[in-house]
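Worksheet for the structure shown next.
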Amino acid sequence: MIRVLLADDQALVRAGLRWILDNEDDLTVVGEAGDGADAVRLAGELRPDVVLMDIRMPRVDGLEAARRIIADARLAEVRVVILTTFDLDEYVYGALRAGASGFLVKDTEPVELIHGVRVVARGDALISPTITRRLIAEFAGRVAPPEPDPRVGVLTDREREVMALVAAGLSNDEIAVRLGLSPATAKTHVSRIMTKTEVRDRAQLVVLAYESGMVTPGWLG
């Protein structure tokens, strides 16, 4: 059972999310928070698998709440997904840098919401990788020029190639096809890269790839 914590200052939004998620056999909402401070507190108390976190909330906003949750070693298994609207895109890159595992737009279809929660809970893919790639590419240009990262230096040439394709938003199956590997081998490469670079999930691997200068926005086309 995947346990979800909802954090949004609008009760109607929380009610809608709860209705969608609780109707699935493998998903359950274990708590609701109306602001970031409560989200941090409940995450510590309930230890959910996934936190669906709105950005704009009173007292403590979603971005800061995500940082606090992700920084807590006791909550290492908790995944944070940012809820956003397209007019708040400027927050998304910061959220991923802070350690969020991905994001969902608030008007996403229920089936996409359910799929996204499941994907992030198992930690093996970004949500909406194509859109995430576009956002990261756009906002990567707003941060400081990339500098070599020693974590990237430990990778083999093949691992660097795989990491660059992860950063482009390709799934394990797509990476396997592009490089002529089996899906299992591609998955093994990705897992080994995450271990070597000490990142918690694919979202953080994408951020590291851009910030280290391994890839540049739009390099794959």
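The values are calculated or read from the model by the stated rules, or taken from the named source; none is laboratory data. Remember, predicted model here, so these are calculated numbers, not experimental data. Heads up, the Cβs are rebuilt from the backbone with ideal geometry, glycines too, and the neighbour counts pull from every protein chain shown. Heavy atoms of the whole protein, side chains included, go into the accessibility calculation; ligands, DNA and RNA do not. Shrake-Rupley method; radii C 1.70, N 1.55, O 1.52, S 1.80 Å.
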Answer yes if at least one residue in region 5-19 is over 17 Å from the mean Cα position of the chain (by Cα), part of a strand (DSSP E or B) and in contact (Cβ under 8 Å) with a residue 12 or more places away in the chain, and no otherwise. no
Looking at region 33-47, can you tell me whether even one residue there is touching a residue at least 60 places away in the same chain (Cβ under 8 Å) and within 18 Å of Val120 (Cα to Cα)? no
Here is a check on your reading of the model: is Ala73 free of Cβ contacts under 8 Å to residues at least 12 places away in the same chain and hydrophobic (A, V, I, L, M, F, W, C)? yes
A careful count of residues in region 173-193 that are within 21 Å of Arg79 (Cβ to Cβ), touching a helix residue (DSSP H, G or I) at 6+ places or on another chain (Cβ under 9 Å) and surrounded by fewer than 20 Cβ atoms within 10 Å (Cβ to Cβ) gives 2
Residues satisfying the stated conditions in region 194-217, i.e. within 16 Å of the chain's Cα centre (by Cα) and surrounded by fewer than 17 Cβ atoms within 10 Å (Cβ to Cβ): Glu198, Arg200
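This table checks each residue for (1) touching a Ser or Thr at 6+ places or on another chain (Cβ under 9 Å); (2) among the small types (Gly, Ala, Ser); (3) modelled with pLDDT of 95 or more.
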site: Gly31; (1), (2), (3): no, yes, yes
site: Ala37; (1), (2), (3): no, yes, yes
site: Leu75; (1), (2), (3): no, no, no
site: Glu90; (1), (2), (3): no, no, no
site: Leu96; (1), (2), (3): yes, no, no
Could you go through region 159-172 and let me know if any residue there is modelled with pLDDT of 90 or more and open to solvent by 70 Å² or more (accessible area, probe 1.4 Å). yes
Please count how many residues of region 29-72 are in a strand (DSSP E or B), open to solvent by less than 40 Å² (accessible area, probe 1.4 Å) and more than 19 Å from Asp201 (Cα to Cα). 4
